Amino acid sequence: MAFLSKEKELAYRRSWYKQNAAKLRPSSKHTQRHRRGYPLPTRAESTACEICHEHFTKTPLLDHCHETGVFRGWLCRTCNSGLGQFKDNVVILEKAAEYLRKTKGVATATLK
């Protein structure tokens, strides 16, 4: 679309944006999540990770069930990544925990 002046082009763009703002992708991840029905983190509920209980030093990550999309809680990056690495599979996580219990204190060869 060709415009006769910069002012008319700017007026058109502003008008278009006002009409289509709701369709545009939000810039904030928190805003995107909130619009999909997930809660926003608040200071009262998100001061520490719900798995390791370490206080957040960075923005908490929203944990949700990948099958249902249901919000589960706020996690630190390490715990959220850990769940992802185990594919949110409770059986695999329990096997990993059992492995750690079984091998606790077992000396292993160091690589050089």
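Which pairs turn up if I take residues in the range 66-95 that are closer than 12 Å to residue 49 by Cα and look for partners that are small (Gly, Ala, Ser) with beta carbon separation below 7 Å, at least 6 apart in sequence or on another chain?
These pairs meet every condition: 74/46.
Residues are listed down the side, and each one gets a yes or a no for (1) modelled with pLDDT under 90; (2) exposed (fewer than 11 other Cβ atoms within 10 Å of the Cβ); (3) aliphatic (A, V, I, L, M):
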residue	(1), (2), (3)
60	yes, no, no
75	no, no, yes
78	no, no, no
81	no, no, no
89	no, no, no
92	no, no, yes
105	yes, yes, no
110	yes, yes, no
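Within the range 1-58, restricting attention to residues that are among the hydrophobic types (A, V, I, L, M, F, W, C), modelled with pLDDT of 70 or more and part of a loop (DSSP other than H, G, I, E, B), which residue is farthest from residue 70 (Cα to Cα)?
4
The values are calculated or read from the model by the stated rules, or taken from the named source; none is laboratory data. The structure presented is a predicted model; accordingly, all values stated were derived computationally and were not measured. Positions of Cβ are backbone-derived with ideal geometry, glycine not excepted, and every protein chain shown enters the neighbour counts.
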